[in-house]
Structures are given as structure tokens and as C-alpha cells.
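Scroll down for the structure; my scribbles are underneath it.
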Amino acid sequence: MRFLHFTFLLHLKPISITRLSLAHQSQPAASFTFLLNLFVCFLLLRTSVPLTLTHFLCFGLRWSVAEALPLASFSFLSASSGSPFLFFAFKFSVQFSPVRYSTGMVGLSPGEKHFIQGGIAQDIRSDGRKRLTYRPINVETGVIPQANGSARIRMGATDVISTVKAELGKPISLQPDKGKVSIYVDCSPTAAPMFEGRGGEELSTELSVALQRSLLGGKSGAGAGIDLSSLVVVEGKICWDLYIDCLVVCSDGNLLDALGAAIKAALSNTGIPRVQVAAGASGDEQPEVDISDEEFLQFDTSDIPVIVTLTKVGRHYIVDATTEEESQMSSAISISVNRKGHICGLTKRGGAGLDPSIVLDMISVAKHVSEQLINKLDSEIAAAEAGEDES
Amino acid sequence: MAGQPGTTPTTYSPSPTTQKTRKPIFNKDDVDWVRPDGRGFHQCRPAFFRTGAVNAASGSAYAEFGNTKVIVSVFGPRESKKAMMYSDIGRLNCSVSYTTFATPVRGQGSEHKDFSSMLHKSLEGAIILETFPKTTVDVFALVLESGGSDLPVVISCASLALADAGILMHDLVASVSLSCLGKNLVIDPILEEESYQDGGLLITCMPSRYEVTQLTVTGEWSTPKINEGMQLCLDACSKLAKIMRSCLKEATSTSQE
């Protein structure tokens, strides 16, 4: 979380100063630190170093009392001697403050928790976003040449890769006129140490199931983003099996939305070879096929829904939560919405119960957000595709 | 993929025969469609609950909804595994498995990971985990016979088993699912209806607190339809919870006698 220090140093605006102090006043646990800060600020004011006031209010937030005490005494000494090196001393101590944050394990101090919650309540989050603003989305397509289609999506520090491989297979007897699609997510230990061994399995299954629920529609295939009947080569005999494999390269929250977007981008990048079926085969025989390596069929990805995850922190919902914000959530709802504004899937996370009316409100908010997201994503994908064609 | 030359090609007609066997239960154009078991669209199967099905467990329950038969036992609170990290609050461990003979096609009988995590997510909000710190409560569910709406039955039955084990909860958790077939919303679907559904909705809720602990939706839904579906399910959940409550009362009154 060290980067946050610097963000504060650089981007602190007057409004957030008042917000910081407000956030503090409402929390009794941190009030001691706050008073300490006020005291030190008072000393600082006497030495007429106005800049450090802002700094102090911020630093105090992430420092425990134990850390703040020696500093306070130091500043007292400096203040009484009227030392001009005060400012330097603070900067020094901040830059060498221990890094408490490592990916995966979120250990937040009460002050930090309060800062995140207070920010969300006042519609300005720790990275300056509003509640319903996404981080910039970066789309790259065709990153894995071995696959039929692939894409990499980056949203802040969240980084995922999705690939599509197509293989010829046999349709299941119950649905002879449909191809098969399967989605798997792999949480690699390169993303976080806790994914090692079987640690990532639980998250992988949860994400895979949520993606299948959101993108593949009902059992009869209604509402599916991918038209399964377009995958059939010979009814009842040959169809394409699409294997969509996703990899979490780096996780900084909002994995499901990123994975959904990556799958959408990968599918629009996918080319499926045209298949020539040899005539003459009949009965139970498997017809002979000839797979073209020149002609490819493109997918129509306009119907593929986007996934919007609304994370509920306190009384408010936010989109595109970071890991720290996710650690403060009471519950989250992932809603996949297609271009028509229909809901194509819904998954709830987090144990806390929700009032049904809140669920319905979240659905309507998600529908509203999805309109912008679909347009943004489509233009990003189109730009990425165009860029790939040129190179 | 060459065809075997020796076999004489029997007449192959791609769609007509398969189509006939494929769509027996539901036809979109059929206005007077009735459900295979003769229920109304908004009518649930009769529910049967019994607690104390397994003597060795701290609490257990058996549930039967039509052909769906489920048994759930609860063990604990007991010591967490050594490898587990220290935790101020209790842990909940859920596992849902199918018997090999539960499904029409003989299955593997292995743990159903997807259902296990769903069961965990729907129960954890209702259990007061603070009451058993450092320990674990195990919930093992076994689907004896799968007859549709398996997961909702497992969830309702598990909450009953937890209550039977004396684990403190905010409220009983009742769960109901619903299938969307064409324009109709069909509550508490059976296996056949589930396999032809255009969309599905599952709600688990705490009826007395009127809180949804878990909600999943598949397929394409418009907002009014989701509204309607949720209302139907919530209504059914509160009725189901009444049945569950009366089952618990019955069990305590018979044990006192």
C-alpha cells in the first residue's frame, strides 16, 4: 500500500482533507491517533510549515499509535527548537515506512478500513474514482498465437488472459443440433502465493461456475451469448467444441468482470476454420471432413453479455472494486447484462443477507452501468483488433 | 474419421425421430401445457422433513420433495484441523455429494464442488459463527435420489439439520428454485423440467428477517420477470419455513414426552 502514500502526497485536494478528518471523527478507535495528529499539527502550525499539515493528517491514518508516538515526540522536539528540517524528517520516515501490504493477503489497519469505507460513502474512492467509475480498461487481442483466439485484459493491476481453442467433437445425444462450450479458469500461483497447490482451486471453481452461469445461458441454450447451434458441422455427428481457458495473471479485485470482458474479446478474436464435409457418408458412419487452413469464420460477439459486479460496502454499491475494497464488502452481486438490457445471469457472493428490494435496485443500477461498459468494451476490442491487423 | 466400410448404412433421418423423443414435456406453442406431474405452475411439491435421521451426528435431517430425497448430517462444533490458521470465529465446512444411484445414468458418486460452495455461501450468512470460535462445523449432504431442484432441497434440509444440532442461527434458511419455460414460470421444477428450462432462478432466504442470503439466475430474463420470479420464490420460501419450523417443534415435543 506504499503507493497510496505517494498518491496522497501528490493528489490531496482540500475536499479530501475535510473528508479525512470527518472519517476520523466518527470512529472512536482512531480518535486517539487523530488527537495526536491535531496536537502535532498545532505544533507544526507554530513552526509555520503549512504543507505538512496535510501530510500529517494523511500519515496519521495509516500509522498505529505506537508508530505515531515517537514521531510526535520528535516533532515536539523539533517544533520547540523551531527546526526547519521538520518537513524533511517526515518525508524520510514515510518513504521508509514498512510495506504492510502484499498481494492476496489484505491486512488493513482500522484507519485504512475506515478510510476506504468513508471514501465510498462520500463518492470519492482512494484512487480518486467515483462509485460507478471503472478503472481504465486495456484490451490486447491475439496474444496467444497457438490458440484460435485470445485476449488479455488489464484493469488497474488486475491482469487476465483468455484463450479459445476449437476442436472437432461429437454433439451429445440429447442436443444433436448444438455444439459444446466449456469455460475454465486457472488461478496461477504466480498471481498470489495462496493460489499454490490446491489453494486456488476454490476460487477457480467459483469463477468458472459464475462465468458459465453468466455467459452460457439456460439449459435449453436460451439467452446464451454464444449461439451453440452455429457450432454444428453435421447435425448429430460433428460439432465444434470450444474450450475457453482463462488465466489470472495478477489479481487486484474485480476478477469476474475482467474475465467476462476477456472472454468477449477472445471470442471476437476467434477464427474457426471452415469445414468441408465429404458427401456420401450416411447412416451411422462418421463423415469425412476437411479442415480449411485459409478460410475462417468469425463469431458474432455482439450478443455476448458483459458482467457487472456491484460490491456493497456499507450502504453503497461500487463497481470495479480493488482487492482492498473487496475486503470491506458485505456482499457482492455479479450481473451479466446483454445489449438488449436483459439479465443473462446473476451470482451473489459474500455471506451477508440482502433485502430483496436492494437486490432489485442493484439490478437496475447494473443495467444502467452495463450500457456504458458494453460500448466502451466494444470500442476497445475494435481498436485492439484493428491494431493487430495493422501489425 | 472414416466410416466403417463393413456396416450397412441403416436409414438415417436426422431430425424427425430425435425431435419427437426430445420434446415430450414442453412445447412453446402449446397453450394448454400441463406439468408432467399435474401440478399447477405455481404449486410446489409436497415437502416432507424429519430431523434426527442419523444418530451419530450432532444433528441431522432428511427431506423428501417428490422424488428428490436428501439426507444431511451436521458434525461439530469440533476442533479445526491442525493446518488451519487461528480464527476468532467458527468455520463452516460444507460438502454435497451424490450417491452413484442418484441420477438416471449411474454417476461417480463424488463430491459436487459447485453445490458445496453454494451451500456454504447460502448458510454462512445465517449462522452466528461467533458462538463457536476456533472450531469447525461440518455439514455433509448426500443426495439419495435426484428428482430436480436438488440444491434448494439440500439447503433447506441443511439448515434444519443445523437447527437440530443446536447451532445458533439468525433464522432458518429456506430455499426455492424456479424454472422459466417459454413464457411460464414454473416453481420447484422436477428433473425433466430443469433439463429443458430456458432459465432458472434460485433463492435462499431467511424468511423472518426477509433477507436473501444467496441468489443465482441463469438464462435471459427481463426485469419484470425477475421481479415476478423473486416474489414467487420468496413467498414459497416463507411457506416452506413454516413447514420446517413445525417439523422442529414436532421433534422437540415428541422427545419431551
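The values are calculated or read from the model by the stated rules, or taken from the named source; none is laboratory data. On a predicted model such as this, the values are computed, not experimentally measured, just so you know. When we count neighbours, we look across all protein chains shown, and the Cβ atoms used for this are built from the backbone with ideal geometry, even at glycine.
Quick grid of which residues meet (1) among the aliphatic types (A, V, I, L, M); (2) more than 18 Å from A:Met329 (Cβ to Cβ); (3) modelled with pLDDT under 90:
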{"position": "A:Gln95", "(1), (2), (3)": "no, yes, yes"}
{"position": "A:Pro98", "(1), (2), (3)": "no, yes, yes"}
{"position": "A:Ser102", "(1), (2), (3)": "no, yes, yes"}
{"position": "A:Gly107", "(1), (2), (3)": "no, no, yes"}
{"position": "A:Ala121", "(1), (2), (3)": "yes, no, no"}
{"position": "A:Asp127", "(1), (2), (3)": "no, no, yes"}
{"position": "A:Tyr134", "(1), (2), (3)": "no, no, no"}
{"position": "A:Asn138", "(1), (2), (3)": "no, yes, no"}
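Tell me which strands (runs of 3 or more DSSP E) are completely within the range A:164-252 and hold 1 or more residues being under 17 Å from the mean Cα position of the chain (by Cα), more than 26 Å from A:Ile333 (Cα to Cα) and polar (S, T, N, Q), or say none if there are none.
In the range A:164-252, no matching strands (runs of 3 or more DSSP E) lie anywhere.
Return yes or no: is A:Val185 within 14 Å of chain B (Cβ to nearest Cβ) and either surrounded by fewer than 23 Cβ atoms within 10 Å (Cβ to Cβ) or at pLDDT 90 or above (or both)?
yes
Would you please name the residue that is nearest to B:Phe115 (Cα to Cα), looking only at residues in the range B:194-219 that are over 15 Å from the mean Cα position of the chain (by Cα) and more than 9 Å from every other protein chain (Cβ to nearest Cβ)?
Per the stated criteria, the residue is B:Pro207.
Residues to consider are B:Ser208, B:Ser195; find the one that is surrounded by fewer than 24 Cβ atoms within 10 Å (Cβ to Cβ) and touching an Asp or Glu at 6+ places or on another chain (Cβ under 6 Å).
B:Ser208
How many residues are farther than 23 Å from B:Lys82 by Cα and in contact with an Asp or Glu (Cβ under 9 Å, 6 or more places away or on another chain) if we restrict to the range B:122-140?
Adding up the residues that qualify gives 2.
Can you find even one residue in the range B:179-195 that is touching a Cys at 6+ places or on another chain (Cβ under 7 Å) and in a loop (DSSP other than H, G, I, E, B)?
The answer is yes, given that some residue of the range B:179-195 is touching a Cys at 6+ places or on another chain (Cβ under 7 Å) and in a loop (DSSP other than H, G, I, E, B).
Looking at the range B:219-232, can you tell me whether even one residue there is under 23 Å from B:Pro46 (Cβ atoms), at pLDDT 90 or above and of a type outside the set (A, V, I, L, M)?
Yes: the range B:219-232 contains one or more residues that are under 23 Å from B:Pro46 (Cβ atoms), at pLDDT 90 or above and of a type outside the set (A, V, I, L, M).
Only residues that are small (Gly, Ala, Ser) and in contact with a helix residue (DSSP H, G or I) (Cβ under 6 Å, 6 or more places away or on another chain): list them for the range A:241-278, please.
Passing the criteria: A:Gly253, A:Ala261, A:Ala265, A:Ser268.
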